[in-house]
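A.B. asks: One structure, as structure tokens, below. Some questions next.
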Amino acid sequence: MTVSRPSVAAAPAEEADGSRGADAPSAAERRSALRRGGAVLVLLLLAALVPLLGPDLALYETGEADAPGIGLVTLLRTVMFGALCVLAGHAADGWLTRRVPGAPAPRPANWSLAAAGLGAVAAVWLALIVANGNIPPDSLAELRPGRLWQTTDGRLALLEVNAFIAAGYCAQSRRPGSAFLPLAVMAAAEALRAHPAIGPEEDPLVGSALTLVHLTSAALWAGGLLWVLRTLRLWRPWPAQSAALLGLYARVAAVLFAAITASGICSTLRKLPLDSLFTSAYGRVLVAKLLLVLVIAGLAVAARARLRRGAWAAIAPARAEVVVLGLAVAVSALLTAVPAPIWWDTPLWG
């Protein structure tokens, strides 16, 4: 009598003929992933270099004065704007998923608390700079938080700090969509700060309104795309719902892009003399931002075209889009830190 050993089933990753399973990535896919990862790292490095090298490059041979701590201010505003984008994307979760028929239950991890914390820290640091006369304090003895109540900029800075704290609390509550209210307050405070009542503008409220539209639309665009991409990773077993979610975001993003473009053009006509486009720091940074927006628009069009073949066909350009959006956030932060251009005659509009 012979005893036969039971056959052992092959591992899921290997087929009977030794080939890899259908779900295992091929060598070409791994190489493609490595290339994409390398491109992402390069773009993130460029974004990190914006606060360090951007001010010097923008101010080179312009004759404009270098504001104290411009690199630090750019870094802090990059963190603050990035946190605003993440919070806005998370707050849009319910609005988007409710409109996807048969939306699956999985949701990405909640980054809102960390984003709110980083945003609040950056806002506090910026507030301390404002309290010290817009000069970064060199020691604890130079901290004057009590002065914040004495100026409009100081009160707006405090409002931004509290808005981030409130947004983090709302995002963790049962109604995360309620975070839109403190985020709107934060965006409004930033818009008012960018256009002070005492300044060269004849009607600063118009400029503040344009900045509010621009900042809100940009935060929803960048933050919404980040949240959608993170959600699609969890929705891979549901291709129909994934395509519906990405298609819905694409339609919303088209409206946001139109708002960003219109408000940006109007703000430029109000703030920048065209003959200073390449001779002022503000103009140079604005040109860099415009080039990034053109790249982002091209990637968005490519993603929309690939969406006809399914959600996963559009993932690659969408991922590249969100990374370039991150770089654009850093350049936008630099734009708020460089000296404002000077009009020697009447502005083109406003």
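A.B. asks: Given the peptides 283-290, 101-108, arrange them by the average over their residues of other C-beta atoms within 10 Å, most packed first.
C.D. replies: 283-290, 101-108
A.B. asks: What is the pair-distance distribution P(r) of segment 45-337, computed from all Cα-Cα distances in 5 Å bins starting at 0, with each bin given as a whole percent?
C.D. replies: That works out to 1, 6, 11, 15, 18, 17, 13, 9, 5, 3, 1, 0, 0, in percent per bin.
A.B. asks: For S217, S173, what's the fewest-to-most ordering of other Cβ within 10 Å of each Cβ?
C.D. replies: Lowest count first: S173, S217.
A.B. asks: Now for a separate question. Quote the charge dipole size of segment 45-337 about the Cα centre in Debye, to the nearest 20; the model charges only the Cβ of Lys and Arg (+1) and of Asp and Glu (-1).
C.D. replies: Taking the Cα centre of segment 45-337 as origin, the dipole is about 1740 debye.
A.B. asks: Hey, another quick one. Could I get the Rg over Rh figure for segment 67-184? Both from C-alpha atoms, Rh via Kirkwood, rounded to two places. Walk me through the intermediate numbers first.
C.D. replies: Values: Rg = 16.8 Å, Rh = 15.4 Å.
Ratio value, two decimals: 1.09.
A.B. asks: Another question, then. Can you sort F257, F278 so the residue with the fewest Cβ neighbours within 10 Å comes first? Write out the running numbers ahead of the final one.
C.D. replies: Working: F257 17, F278 9.
Least to most surrounded, the residues fall as F278, F257.
A.B. asks: List I135, I70 from most exposed to least, where exposure is judged by having the fewest other Cβ atoms within 10 Å.
C.D. replies: Listed from fewest to most nearby Cβ atoms, that is I135, I70.
A.B. asks: So what is the relative contact order of segment 107-180, in percent, for Cα pairs below 8 Å that sit 6 or more residues apart?
C.D. replies: 35 percent
Only the coordinates and a few stated rules stand behind these numbers; no lab work does. All values derive from a computational prediction rather than experimental measurement. With ideal geometry, Cβ positions are generated from the backbone for all residues, glycine too; neighbour counts draw on all protein chains shown.
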